[in-house]
Amino acid sequence: MNYIIKTILAEWKGKNIPTVIPRDINIQDYLNMKVNKILVLNGFRRVGKTYILYGLATELLKSNSREEVVQINFEDERIPPKTDFLSGLLPTAEEIFDKKIKYLFLDELHNIPNWSKWLRRTYDNQDIRIFVSGSSSRMSEEEIPTELRGRFLEIKVFPLSFKEFLKFKKLSFDFKILDYSEKEKSAMLKALTEYITYGGLPEVVLEDQNKKLELAQSYYSTVIKRDIVERYNLKNEESLKALLKLLLDSKEYSISKTYNTLKSLGYEVGKSTVQKYISYIENSYFAFSLSIFSYKIKDQMQYPKKIYFIDNVFINSISTKFGDNFGRLYENIVAVELKRRKKENYYWKNMKKEEVDFVIKEDTHVKQLIQVCYDLSDQDTKKRELRALLNSSKDLKCDNLLIINADHLGVEEVEWFGIKRKVEFIPLWKWLLEKS
């Protein structure tokens, strides 16, 4: 075991750290905290967690040696999934280094048994700043082991925001003004189309266009195999894949309907298995669900849930239904952005099946109602979207009404049931940049 540790530490000393494109997540600020906390970067695979840590390591190495700043990736196939590796890590480092480690970066630490107990002991007994990355909900605030509570801070990392995407594409815009010439606006809309189509996973963004979907499909296969099948020791991989395809081809789901569909296709799974599989998918950060808005928990459980995916590239590379549906792609972009902004949101639907995409809730109050509609040029479509929004406004007693669309900007005053209400219209690109 010592030989493996020594080999990995020696490789780190000679490793060339990749050049990093800065993200909007500035974790250097956390170094100035008076209280030392374990910093956990958590999120879907390939969203850039390791590179964010590389960026910090690069800055720290300007004033510290390689013996004081150490990074280890626990997805290295040479590292055995044994607690002994963790137990021997620091003693071996002290043996071969002349200096003590000050900053320790640990990628995918949750792959090792008893990682949390080792992390607790190290935190309590060593004067080390520890940074951990993970692609599993096991590292989240909701599931973090008891022994680490109060000792860590979690930062959720998402695919690139549209602002970050523009930086990665080396497109320069003044984000303070957002009032562009026709030429600049044309370039912005072209970039938005690429962002909507291929998403914001950093490697996909930087890849040649003819290889983007192929790369996304490889990510998809890895998530199925490593983050779901292997983690939960699933025996029925084909049913899981069929379920994922159904979800990717849907805007909403219910356990009963999904179970019946799988059964009609010849897959032998029970309702409880379907429910477990969906929870596994969400635990991998591949997808997330929205419940209907209701103050009654029973309603939230009974009504279908809407399903969204961590990045649009999976809808385009895996789904067989939504490839050319910009409405669906717009809505998914907004859902992910709201999650990035830590908004508590639901959807609204009435007995007439009128629907509003996002109900933003703060504390016990509805803060904003958001409708997403790609094309408002058809008057019947616009009236339908407005009618649903205005009915939800009356039902939920909320006057902050917004329609995110392709190109319409402005505020319109609409009379509804004798009451005048203002509705704001904003293009998607402007909402993504202006409100970030």
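Tabulated data
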{"quantity": "Restricting the stretch 43-77 to residues that are among the polar types (S, T, N, Q) and outside any loop (DSSP other than H, G, I, E, B), the residue that is nearest to F286 (Cα to Cα)", "calculated": "T50"}
{"quantity": "Odd one out for I310 among (1) more than 14 Å from F293 (Cα to Cα); (2) surrounded by fewer than 20 Cβ atoms within 10 Å (Cβ to Cβ); (3) aliphatic (A, V, I, L, M)", "calculated": "(2)"}
{"quantity": "Subset of the stretch 33-42 [assigned to a loop (DSSP other than H, G, I, E, B) and touching a residue at least 60 places away in the same chain (Cβ under 8 Å)]", "calculated": "N36, K37"}
{"quantity": "Which listed residue, of K102, K15, K37, K49, is closer than 24 Å to K342 by Cβ, of a type in the set (D, E, K, R), open to solvent by 40 Å² or more (accessible area, probe 1.4 Å) and touching a strand residue (DSSP E or B) at 6+ places or on another chain (Cβ under 9 Å)", "calculated": "K37"}
{"quantity": "Residue match in the stretch 170-188 (condition: modelled with pLDDT of 95 or more and in contact with a Leu (Cβ under 8 Å, 6 or more places away or on another chain))", "calculated": "no"}
{"quantity": "Residue ID - surrounded by the most Cβ atoms within 10 Å (Cβ to Cβ), chosen from residues in the stretch 196-216 that are closer than 21 Å to N325 by Cα and touching a Lys or Arg at 6+ places or on another chain (Cβ under 8 Å)", "calculated": "L201"}
{"quantity": "Some residue of the stretch 346-361 being at pLDDT 95 or above and loosely packed, with under 13 Cβ neighbours inside 10 Å", "calculated": "no"}
{"quantity": "Residue that is farthest from the chain's Cα centre (by Cα) [pool: residues in the stretch 16-32 that are without any contact (Cβ under 8 Å) to a residue 24 or more places away in the chain and either assigned to a loop (DSSP other than H, G, I, E, B) or closer than 18 Å to I72 by Cα (or both)]", "calculated": "N16"}
{"quantity": "Candidates I25, I21 - the one that is more than 28 Å from E147 (Cβ to Cβ), of a type in the set (A, V, I, L, M) and open to solvent by 20 Å² or more (accessible area, probe 1.4 Å)", "calculated": "I21"}
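The values are calculated or read from the model by the stated rules, or taken from the named source; none is laboratory data. Keep in mind that what you see is a predicted model, and the values were worked out from it rather than measured. Heads up, the Cβs are rebuilt from the backbone with ideal geometry, glycines too, and the neighbour counts pull from every protein chain shown. In case anyone asks, the SASA skips ligands and DNA or RNA and just uses the protein heavy atoms, side chains included. Shrake-Rupley method; radii C 1.70, N 1.55, O 1.52, S 1.80 Å.
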